[in-house]
Amino acid sequence: MKLNWRSFPFIGSIITLMALVILPSLLSAYGLSLLTQVLIYGLFAMSLDLLVGYTGLVSFNHASFFGVGAYTAAILVTRGVENFWLTLLAGIFTSLLLALLLGSLVLRSSGPYFLMITLAFGQMIFALAWRWRSLTGGDDGLSGVPRPNLGLPFSMWDSQNFYYLVLVFFVLCSVVLWKIVRSKLGRSIIGVRESESRMQALGYNTWLIKYLSYAIAGGFAGLAGVLFVYFNGFISPQQLDWSMSGLVILMVIVGGAGTLIGPVIGAGSIFILQNLISAQTERWPMSMGIIFILCVMYLRDGVAGQTIKLSKKGLKNYERIRNTKRL
Amino acid sequence: MNALEILNACKTFGGLAVLQDVSLSVEVGERRAIIGPNGAGKTTLFNIISGTLPLNSGTISLFGKRSEHLSPYRRARAGLARTFQQNNLFFNLTLLENIHLAILPHHTQSSPQEFLETWGWWEKRDMPVKELSYGDQRQVELLLALAQSPRLLLLDEPTAGMSSVETQKITSMIRNLSREITVLIIEHDMEVVFDLADRITVLNYGRVLFEGSQEEVRSDQRVKEVYLGTTD
């Protein structure tokens, strides 16, 4: 095969997938639980990246969709619904519906105003979860969500089995998201990020494009939320809070916005750093602040973005040298 | 049928009347230049034709269809294309991706490759547009509008900031366009205006000061005073 930067993502994903399949047998129980979280949050961050990196909309209430998906599943499960697929679909559907509703309101603004209005709506939903005690359990949250029963011969109470369930969803969603960003819709989403006024002048309904992107991102975040509540067994308003939205934005930025793989790397780096640093000191949030500042100063495109940039540059040089040698 | 018919268009920003009672009709296939001093309302006129700005009062018809309530993208689909005074491109995407986006919403026969080959740009297809020279970007600005296969083309100072060689290149691109395309052009370079335009509309303080053929514009005393400058 010809050495081409276009073939790198493919080879890279095969290697990553193989590593993700093998890793559980090498990791401790704690490591496995960490890796499961990385995949769930990675999916959550990928869905946000569709907005931040591809559409150019910095949304500050993405935790709403994650939390609402999780709460929907938790409410159904604690009220006796045992079917995993039903709770999963209900979680995705509720988040999607919320995204369609909120999208029709927040997409009237743009730039910093968009950020502020999404923050406001996010906090409204947080307050709703906090106060609607009869439904959500208020600040106590909802606990006692068991691992799902899929009717398979192996139990999901086994951490490895559950990890593989999450991995299957993670891979499927990554493929779907990848297909979306490569589709006609995906190209127009990128076009809106680059220049909305030009897109309008070219004949695109840019509002609809942003609306679709917002809804898709909300739906995937809801799915991640459902997986999270089955993993964690417990959901509280904290998962809906602005600080959670902030954390996932950080994952996208640290990993590299607009790359899909970036947010997963971001989720991984932040979880691992959090564990390493909080074992030494209580000042984890301060360390996170420093990491963020360093990223903004020296790693503007994030880990993945910077790597892609450098490897493209390297390949260009390589091809140039090869061509001169031929001459 | 006229390609464009504007009747009594008014546009104000706060208390400032930028367009006052502007009426304009442009025949299909015509090349019409819009000239006037800075702040005369030329770009605002383009923005209300393309729908970026709403009108306060008046009507706009595109090819005989009332269009003042249509959103910009609907006007674009009706055959209206425009370029911008300041380059407004998908800078981080390659030239090919730019053209692809321009062709996508329109039912055209040609592929992005055919289009770029026709205009002699295929060689540069993989360049990110931000890496092209300013003069090249200015031409891509026009190429994007042409890729929409428009029926009515609005050009906002297409030669602004270009060298004389580049200006000639872009002028000949416009001159050689099919007469099926109606062209409205805002331009400060009077050589370009006299080279391209069938008729000229002079705007001043948001009003149509004068409209006529090249000879009429050249000999009109008021136009000389506000724009061309007096000879003595």
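The values are calculated or read from the model by the stated rules, or taken from the named source; none is laboratory data. Just so it is clear, the structure is predicted and the values come from calculations on it, not from any experiment. With ideal geometry, Cβ positions are generated from the backbone for all residues, glycine too; neighbour counts draw on all protein chains shown.
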- In the set B:P112, B:P105, the lone residue that is under 16 Å from B:L80 (Cβ atoms) and at pLDDT below 90 is B:P105
- Message: Just the residues that are over 17 Å from the mean Cα position of the chain (by Cα) and within 14 Å of another protein chain (Cβ to nearest Cβ), please, taken from the range A:160-185.
- Response: A:R182, A:S183, A:K184, A:L185
- Find the residue count for the range A:197-248, including only residues that are in contact with a Ser or Thr (Cβ under 8 Å, 6 or more places away or on another chain), under 22 Å from A:T136 (Cα atoms) and polar (S, T, N, Q). 1
- Task: Please find, among A:L208, A:L202, the residue that is within 14 Å of another protein chain (Cβ to nearest Cβ), free of Cβ contacts under 8 Å to residues at least 24 places away in the same chain and surrounded by fewer than 23 Cβ atoms within 10 Å (Cβ to Cβ).
- Result: A:L208
- Message: Whether any residue in the range B:90-104 is without any contact (Cβ under 8 Å) to a residue 40 or more places away in the chain and closer than 24 Å to B:V28 by Cα is what I want to check.
- Response: no
- Look through A:L165, A:L152 and report the one residue that is assigned to a helix (DSSP H, G or I) and out of contact with any strand residue (DSSP E or B) (no Cβ under 8 Å at 6 or more places or on another chain). A:L165
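Going through B:G58, B:G64 one at a time, which residue ends up being of a type in the set (G, A, S), away from chain A (no Cβ under 14 Å) and touching a residue at least 60 places away in the same chain (Cβ under 8 Å)? I'd like the intermediate steps shown before the answer.
Values: B:G58 fails: touching a residue at least 60 places away in the same chain (Cβ under 8 Å).
So the residue among B:G58, B:G64 that is of a type in the set (G, A, S), away from chain A (no Cβ under 14 Å) and touching a residue at least 60 places away in the same chain (Cβ under 8 Å) is B:G64.
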- Across the range B:143-159, what is the number of residues that are within 13 Å of chain A (Cβ to nearest Cβ) and farther than 15 Å from B:S50 by Cα? 5
- Query: Does A:A45 meet the test of being in contact (Cβ under 8 Å) with a residue 60 or more places away in the chain and touching a strand residue (DSSP E or B) at 6+ places or on another chain (Cβ under 7 Å)?
  - Reply: no
- Query: Looking at (1) within 14 Å of another protein chain (Cβ to nearest Cβ); (2) closer than 30 Å to A:I291 by Cβ; (3) in contact with a strand residue (DSSP E or B) (Cβ under 9 Å, 6 or more places away or on another chain), can you tell me which one A:V229 breaks?
  - Reply: (1)
- Message: Criterion first (more than 11 Å from chain A (Cβ to nearest Cβ), over 19 Å from A:S195 (Cβ atoms) and touching a helix residue (DSSP H, G or I) at 6+ places or on another chain (Cβ under 7 Å)) does B:I34 satisfy it?
- Response: yes
- Query: Can you tell me how many residues in the range A:44-59 are crowded, with 24+ Cβ neighbours inside 10 Å and outside any helix (DSSP H, G or I)?
  - Reply: 2
- Message: Any residue at all in the range A:173-187 that's farther than 22 Å from B:S149 by Cα, among the hydroxyl-bearing types (S, T, Y) and touching a Pro at 6+ places or on another chain (Cβ under 6 Å)?
- Response: no
- Counting only residues that are away from chain A (no Cβ under 14 Å) and over 25 Å from A:K313 (Cα atoms), the range B:118-142 contains a total of 6
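Condition check ((1) surrounded by 16 or more Cβ atoms within 10 Å (Cβ to Cβ); (2) modelled with pLDDT under 90; (3) farther than 30 Å from B:N92 by Cα) across all residues:
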{"position": "B:Q139", "(1), (2), (3)": "yes, no, no"}
{"position": "B:L142", "(1), (2), (3)": "yes, no, no"}
{"position": "B:T171", "(1), (2), (3)": "yes, no, no"}
{"position": "B:S178", "(1), (2), (3)": "no, no, yes"}
{"position": "B:V183", "(1), (2), (3)": "yes, no, no"}
{"position": "B:S219", "(1), (2), (3)": "no, yes, yes"}
{"position": "B:K224", "(1), (2), (3)": "no, yes, yes"}
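So that you can scan it fast, the table gives a plain yes or no per residue for (1) surrounded by fewer than 15 Cβ atoms within 10 Å (Cβ to Cβ); (2) within 14 Å of another protein chain (Cβ to nearest Cβ); (3) of a type outside the set (G, A, S); (4) in contact with a helix residue (DSSP H, G or I) (Cβ under 7 Å, 6 or more places away or on another chain):
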position	(1), (2), (3), (4)
B:V18	no, no, yes, yes
B:R77	no, yes, yes, no
B:L80	no, yes, yes, yes
B:F91	no, yes, yes, yes
B:H106	no, yes, yes, no
B:P112	no, yes, yes, yes
B:L116	no, no, yes, yes
- Task: Looking only at the range A:123-136, decide whether some residue is within 14 Å of chain B (Cβ to nearest Cβ), surrounded by fewer than 18 Cβ atoms within 10 Å (Cβ to Cβ) and out of contact with any helix residue (DSSP H, G or I) (no Cβ under 8 Å at 6 or more places or on another chain).
- Result: no
- Could you tell me whether any residue of the range B:176-186 is under 16 Å from B:V140 (Cα atoms) and without any contact (Cβ under 8 Å) to a residue 60 or more places away in the chain? yes
- Query: In the list B:A160, B:A145, B:A197, which residue meets the criterion of being in contact with a helix residue (DSSP H, G or I) (Cβ under 7 Å, 6 or more places away or on another chain) and not hydroxyl-bearing (S, T, Y)?
  - Reply: B:A197
- Task: Using the structure shown, decide if B:T43 is within 14 Å of another protein chain (Cβ to nearest Cβ) and farther than 18 Å from B:A78 by Cβ.
- Result: yes
- Within the range B:8-25, can you find the residues that are over 17 Å from B:T43 (Cβ atoms) and either under 19 Å from the mean Cα position of the chain (by Cα) or hydroxyl-bearing (S, T, Y) (or both)? B:S23, B:S25
- Item | Criterion: at the interface with chain B (Cβ under 10 Å from one of its Cβ atoms) and either buried (at least 24 other Cβ atoms within 10 Å of the Cβ) or among the small types (G, A, S) (or both) - qualifying residue of A:S213, A:S236, A:S243, A:S197 | A:S197
- Starting from residues that are surrounded by fewer than 15 Cβ atoms within 10 Å (Cβ to Cβ) and outside any helix (DSSP H, G or I), keep the ones in the range A:293-327 and report whichever is modelled with the highest pLDDT. A:R300
- Note on the structure: Checked pairs for the range B:119-137, first in contact (Cβ under 8 Å) with a residue 12 or more places away in the chain, second among the acidic types (D, E) and assigned to a helix (DSSP H, G or I), C-beta under 6 Å and 6 or more apart or across chains, list as B:G135/B:E166
